[in-house]
Structures are given as C-alpha cells and as structure tokens.
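Structure first, commentary second.
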Amino acid sequence: MIQNILPTPKKVTLFDGFTPVKPAIYTDHAPFAAHLAVFCQAFEKINGIPVAIAPGGIRVEYCTCLAPDAYTLDSQDGIVLRASNVEGLMYALATALHAIEPDGENLRCEKVYIEDHPEKDFRSIMVDLARCWHPARQIFRYIDLCFLQKLKYLHLHFMDDQLYTLPSRAFPNLPDKRHYSFEDIQAFCDYAKLRGVILIPEFEIPGHSKLLNQRYPK
C-alpha cells in the first residue's frame, strides 16, 4: 500500500480506487530486462504469489526525460514504471513491491502517480564482518535490504584485529577459518549488481593489520 513506501516519495498524487493487472511484468527495453526477475522473486517471497515476465501486467518503460536516479510509478490506467537507467529502475521496482498487493488471481495498486528520486547520492549501511562474523546467506539479506530501502551502497568491513574474512592467494595463511570464498565474493557482486547495489569492500593497511603481522612477520 502507498503508506508503506519507504523512504517516502518526493511527490505522491493519490486518486480514488484501485487498478488491477495480471500477475506479470514486462519491458521492451533490453538493458532493463534482466532486472525484472528481481521483482518477481521478491514479490513471490513477500506475498507467496508468482509473477511472470510477460506482457499484460506491470509495464516498465525507458524514459529519457527522467534523471538517472529518478523514476515514476503511474497506476491510473494500468501500472506503469518509468526510468532512464538501471538505478532509477531498481528504485521503481522497490517502490512497486511496497505499493502493489495480491488481489485474488491478479495484482492491484491504489490509483496513484508517484515521482521520486533520492535526496542524497551516498546512502549506505556498513556491516562489520571482522568483529562479528556473518555467514554468506546473511550478506545476501543485507543486499536485499539495501534494494528494498533504496540504499545505493553496502559497505563491508572485511578485516580487523579479530578476523580476516577475505580469501587470499597471495597470503594463504592470512584468512581465518571463518572467511568467504572467491565464489562467495563473486556471488555477492553478481547478486548486488542485479539489485542496483554497489558493494564497498574495506580492508586497510597499516591500520587493523595485527593478523597480517602475526601470520607474516618480518
């Protein structure tokens, strides 16, 4: 529902009634196509209703008149999302997840016109993976959180005096038993990219290098 949208959009014009559509989403703009599955997976996880990638439901349109981080959602006649690049698209899809709900065999949205863009470019959360170990599955949940709340960056603090959680071919004795594999790191990057989230890896030298000095003394 509209009141559930976070952060609150810049402009919301609400009309009477609801607009129903089939449980499907589609775009003719090739660069947007791969990202629609993110909406389908999230909607089914939240609502238990599958959404197909096919015409006849939510329309996603490429609109050059919008800024790169802006989007619109218009449900006065069908449900139409518009954006000019992937960043704006992901914010539109996140808003759609808040605004659209199941309606029997269909979906529905309050009749509304939304215009929105972020107030600031840098919107981030930081997760400390060295002082407090997080299993790989939790990183995917943080990426989902960033997508749903329109946070552009996920800052990952990989090393400190307690743990070194990155894999290393150059220093194979450096990672602790609890560390991420190269496959994990690639999976985090791929998962985040599809959701419009930019990962910021943090590991610093000479600060927080106690483990490096212990395991590779001069």
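The values are calculated or read from the model by the stated rules, or taken from the named source; none is laboratory data. Fair warning: this is a prediction, and the values are worked out from it, not measured in the lab. With ideal geometry, Cβ positions are generated from the backbone for all residues, glycine too; neighbour counts draw on all protein chains shown. When the accessible area is computed, the model is the full protein with side chains, heavy atoms only, and any ligands, DNA or RNA have been set aside. Shrake-Rupley method; radii C 1.70, N 1.55, O 1.52, S 1.80 Å.
Out of all DSSP beta bridges in the range 122-213, what portion is antiparallel? Express it as a percent rounded to 5. Walk me through the intermediate numbers first.
Values: 1 of 11 bridges.
The antiparallel proportion sits near 10 percent.
How big is the Rg/Rh ratio for the range 54-126, C-alpha atoms only, Rh by Kirkwood, two decimals? Please report the intermediate quantities before stating the final value.
Values: Rg = 13.0 Å, Rh = 12.9 Å.
Here the Rg-to-Rh quotient is 1.00.
Kindly report, to the nearest 10 Å², the accessible surface of LEU148 as traced by a 1.4 Å probe over protein heavy atoms only.
Surface accessible to solvent at LEU148 totals approximately 50 Å².
Specify the inter-centroid distance of the range 42-121 and the range 151-182, based on alpha-carbon positions, in whole Å.
What the calculation gives is 36 Å, centre to centre.
Please list 3J(HN,Hα) in residue order for the range 60-71, calculated via the Karplus relation 6.51 cos²θ - 1.76 cosθ + 1.60 where θ = phi - 60°; whole Hz, with x for glycine and proline.
Result, rounded to whole Hz: 10, 10, 7, 9, 6, 6, 9, 5, x, 9, 9, 7.
Among VAL60, VAL112, LEU89, whose Cα lies farthest out toward the positive end of the dipole of the range 1-159, if unit charges sit on the beta carbon of Lys, Arg (+1) and Asp, Glu (-1)?
Comparing the listed Cα positions along the dipole, LEU89 ranks first.
Heavy atoms only, 1.4 Å probe, whole protein assembly: order ARG141, ARG59 by accessible area, highest first.
Details: ARG141 150, ARG59 105 Å².
The ordering from most to least exposed comes out as ARG141, ARG59.
Tell me, what ³J(HN,Hα) does each residue in the range 134-151 have, in order and in whole Hz, if you take phi through Karplus 6.51 cos²θ - 1.76 cosθ + 1.60 with θ = phi - 60° and put x for Gly and Pro?
10, x, 3, 4, 6, 5, 4, 5, 5, 5, 4, 4, 4, 4, 5, 9, 6, 8
Please state, rounded to one decimal and in Å, the Kirkwood hydrodynamic radius that the range 143-189 gives when every pair of distinct Cα atoms enters the mean of 1/r. Intermediate values should be presented prior to the final figure.
Values: mean 1/r = 0.0820 Å⁻¹.
For the range 143-189, the Kirkwood estimate is 12.2 Å.
Once Lys and Arg get +1 and Asp and Glu get -1 on their Cβ, which of PRO20, PRO9, ALA136 lies farthest toward the positive end of the dipole of the chain?
With unit charges placed on the Cβ atoms, the residue in question is ALA136.
Under the definition of Cα pairs under 8 Å and six or more residues apart, what whole-number percent is the relative contact order of the chain?
20 percent
Figure the gain on full extension for CYS189 and ALA37 (residue separation times 0.36 nm, minus the Cα-Cα span) and round it to one decimal in nm.
Details: separation 152, 0.36 × 152 = 54.72 nm, distance 1.67 nm.
Length gained, CYS189 through ALA37: 53.1 nm.
Let me have the 222 nm mean residue ellipticity of the chain computed from DSSP H runs of 4+ only, each contributing -39500 (n - 2.57), with the sum over all residues rounded to the nearest 500.
On the way: 6 runs with 62 residues, N = 218.
Dividing the helical sum by the residues of the chain leaves -8500 deg cm²/dmol.
Probe 1.4 Å, all protein chains in place: accessible area of LYS210 in Å², nearest 10?
100 Å²
Run the Debye formula on the Cα coordinates of the range 1-92, all scatterers equal and no solvent, and tell me log10 I(q)/I(0) at q = 0.11, 0.15, 0.18 1/Å.
-0.31, -0.59, -0.87
Mind jotting down the three principal axis lengths of the chain based on Cα atoms? Whole angstrom, largest first.
Reported extents, whole Å, longest axis first: 71, 32, 30.
Excluding THR27 itself, what net charge comes from residues whose Cβ is under 9 Å from its Cβ, given Lys and Arg +1 and Asp and Glu -1? It would help to have the intermediate numbers written out before the result.
Numbers: positive: ARG59; negative: ASP28, GLU61.
Local charge sum for THR27: -1.
What three numbers, in Å, describe the spread of the alpha carbons of the range 120-172 along their principal axes, ordered from the longest?
Principal extents (Cα only, largest first): 38, 22, 20 Å.
For ILE53, what residues show an amide H to amide H distance below 5 Å, using hydrogens built from the backbone and excluding near sequence neighbours?
When sequence neighbours closer than 5 places are left aside, the close amide H contacts are ILE25.
If you plug each phi of the range 75-88 into the Karplus form 6.51 cos²θ - 1.76 cosθ + 1.60 with θ = phi - 60°, what whole-Hz ³J(HN,Hα) values come out, in order, with x for Gly and Pro?
Those phi angles translate into 10, 6, 9, x, 10, 10, 9, 10, 7, 10, 7, 5, 4, x Hz.
Dipole size in debye (nearest 20) for the range 33-152 around its Cα centre, Lys and Arg Cβ +1, Asp and Glu Cβ -1?
Numbers: 12 positive and 16 negative charges, 100 e Å.
In debye, rounded to 20, the range 33-152 gives about 480.
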